[in-house]
Amino acid sequence: MIKVLVINTVRFKLNGISAVIKNYYQAMNKKGLIIDFLAIDTPCTEYQSFFKDNHCKCHVLNKRDILKYFFGIVKVCKNEKYDMVHIHGNSANMTVELMAVLLGGVRHRITHSHNTSTLHPMAHKVLMPLFSALCTNRLACGEEAGKWLYKSKSFTILKNGIELSKYDVSQSIRNQYRKQLNIESDEIVIGHVGNFIEQKNHNYLIDIFREIYDFGIKAKLLLISDGMLMPAIKKKVRDFGLENYVIFLGKTMEVENYLQAMDIFLLPSLHEGLPVVLIEAQAAGLPCIVSDTVSKEVDLTDTCKFLPISSKAIKEWAKETDRIYSASQNRNRAEVSEANRKKIRECGYDITQNADVLRQIYMDII
């Protein structure tokens, strides 16, 4: 048996990296493998249930106490005698985990890049030489994420696959979820999925929606997820007098169903690697408007519109939202979704195929 420890350097909550880890685990043929997990904090209820339902071992350490966290990883690795560790993160700050697992006796140390920037650039720069020396195998979600973290070193692209069948368009699901949200049949639903953190740029998104509202368009903004900046965004919505038109849904494990309720998807992020949610939105047949700071690799279906993020561009975002939504009314969304999912599969983002690739990577390393 090959023993693998998967470390998630962000919290096991309803976010992109955690979803990628879960998707790969569920889709993978685990014959001959033992896969355990390590969380940097107590997982949210949904992930606690996921680990329990799948009979997974999840070691929980508290990264806020960095020394206790570091030596906790060393102890876990020594006790469990893992053949390899697969670390998911965004920067050279994964050096903390790399050093700990090295001291824990793990020979094969995989890092997996999921972004093209970091909130801690100084630490990233200082740790980069050590990071490069400690990492034995390099994975990335896309070309840009790999080049950003690994520079000139070789790496393997492991695409953020999704379960494509979950995004088949259903009018009954659309009606059901719009009814739950008290959305009228003639209202446009502008959607966004992302944690309320600076990177996701909710402030700018609210500015865009205010412009759309001022145009006199009958629309609602559906925001999925939560986070530390949610109270500030709620206050901004109240200050704009938009509280009856912005829906703060919170976290959900049913993103694919709420995508059905939407009509157009906006992602004005300050930076991204290759966001899974944009692949999901395309699979669901949604037209997408995305900031030009997001990797162009994500446009798998030639249906994403990229726009700049600046105070001058807010009106442009609002106008494009109206224009693209109006143009989409002349198409059959079910047919668009089917065609998009075919393209997504051809581009290599089918989770079943990709899980086989990851399994083979594990086997080849050993």
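Observations on the model:
- Residue count for the range 287-308, restricted to those that are open to solvent by 10 Å² or more (accessible area, probe 1.4 Å), of a type in the set (A, V, I, L, M, F, W, C) and in contact with a Phe, Trp or Tyr (Cβ under 6 Å, 6 or more places away or on another chain): 0
- Filter result for the condition that a residue is within 30 Å of SER295 (Cα to Cα), touching a helix residue (DSSP H, G or I) at 6+ places or on another chain (Cβ under 7 Å), of a type in the set (A, V, I, L, M) and not in a helix (DSSP H, G or I), over VAL96, VAL6: VAL6
- Residue list for the range 206-251, filter: more than 17 Å from VAL189 (Cα to Cα), in contact with a strand residue (DSSP E or B) (Cβ under 6 Å, 6 or more places away or on another chain) and of a type in the set (Val, Ile, Thr): none
- Number of residues in the range 71-94 that are open to solvent by less than 30 Å² (accessible area, probe 1.4 Å) and either over 22 Å from the mean Cα position of the chain (by Cα) or closer than 18 Å to ILE2 by Cα (or both): the value is 10.
- When we screen THR111, THR116 for residues that are part of a strand (DSSP E or B), touching a residue at least 12 places away in the same chain (Cβ under 8 Å) and either more than 29 Å from SER295 (Cα to Cα) or in contact with a helix residue (DSSP H, G or I) (Cβ under 6 Å, 6 or more places away or on another chain) (or both), the only hit is THR111.
- Taken over the range 261-305, residues that are part of a helix (DSSP H, G or I) and either among the aromatic types (Phe, Trp, Tyr) or more than 18 Å from GLY161 (Cα to Cα) (or both) amount to 1.
- Of the criteria (1) open to solvent by less than 40 Å² (accessible area, probe 1.4 Å); (2) more than 23 Å from ASN23 (Cα to Cα); (3) outside any helix (DSSP H, G or I), which one PHE196 fails: (2)
The values are calculated or read from the model by the stated rules, or taken from the named source; none is laboratory data. Since the model is a prediction, treat every value here as computed from it, not as a measurement. Counting neighbours? That spans all protein chains shown, and the Cβs are built from the backbone with ideal geometry, glycine included. These accessible areas exclude ligands, DNA and RNA; they are computed on the full protein's heavy atoms, side chains included. Shrake-Rupley method; radii C 1.70, N 1.55, O 1.52, S 1.80 Å.
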